Every structure is written in structure tokens, then in C-alpha cells.
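The values are calculated or read from the model by the stated rules, or taken from the named source; none is laboratory data. This is a predicted model, so every value here is computed, not measured. A quick note on method: Cβ atoms are made from the backbone with ideal geometry, for glycine too, and the neighbour counts reach across all protein chains shown.
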Amino acid sequence: MKTINILEKFGKFDEHWTPKIIGELNGQYVKLAKLKNDFVWHSHENEDELFMVFKGTLIMEYRDRVETIKEGEMVIVPKRVEHNPHTKDGEEVWVLLFEPAGTKHTGEVDHEKTVHDQKWI
């Protein structure tokens, strides 16, 4: 057992849309990511995803609506729901992600922003 300082972990990387693993429990990864501008439409066939915003404002676009998630708020995207997370006006957003260890970064979509080998920090 070891205490993890989340803000210290955010200070260890600068890449956008490149989740970093900081913990694992019960087959789930706890990840951090810095987001900026646009991402890619995708879904996850078998996995739900939790996004908790630490800094900034996350825009979560769905095919039928758009949600705004602010600092201290979270959203759970159910499996099979197509979504497109993004930020606006060049803002950098810091999020904590909680998802099954086998979750592919962009589901079955292969995009230039897809990260196939997510690293531990």
C-alpha cells in the first residue's frame, strides 16, 4: 500500500490524450490524462468509463446531446455509447479515468491519437 499524490503525478507528463496509469484494483486501471482540443468519436463495446475532472471543463459530446463536466464533477459513459470528449478554446483539462484494464483507448476506432501502449507513471 502506497499513497499516491495525484497532482504530483499530473506533473510528470505533458502529452495530451495519452492516458497514464497510476493504479490498479480489481481488474480496473486508474489513469490520468491531460486533454486539449478535439479527440475522436468512439465507443467501448464492453466497458463503462468514468471521467472525473480535476482541472478545467470537459465537453462530452454524444450523438444526441452535449454535457459539460466542470472541476470536481464526473461522468460515467456507459458501454456501447458513442462519445467524443473534447475541450474548448485551447483549454487544457486534467481528468482521472477509471476503466477496466483491457479497455482500448479509442475502442475499435484506430486513429492517429490512439495510444496502444499506455504507460505507468
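Restricting attention to the range 1-33, the residues that are in contact (Cβ under 8 Å) with a residue 60 or more places away in the chain and out of contact with any Gly (no Cβ under 9 Å at 6 or more places or on another chain) total 16. Just checking, does the range 35-45 include any residue being within 17 Å of GLN118 (Cα to Cα) and at pLDDT 95 or above? Yes, some residue in the range 35-45 is within 17 Å of GLN118 (Cα to Cα) and at pLDDT 95 or above. When each of ASP89, ASP48 is tested for being over 12 Å from the mean Cα position of the chain (by Cα) and of a type outside the set (Gly, Ala, Ser), the lone residue that passes is ASP89. Cβ separations smaller than 6 Å between residues 6+ apart or across chains give the following pairs from the range 38-59 residues that are within 17 Å of VAL81 (Cα to Cα) to residues that are aromatic (Phe, Trp, Tyr) and part of a strand (DSSP E or B): LEU50/PHE98.
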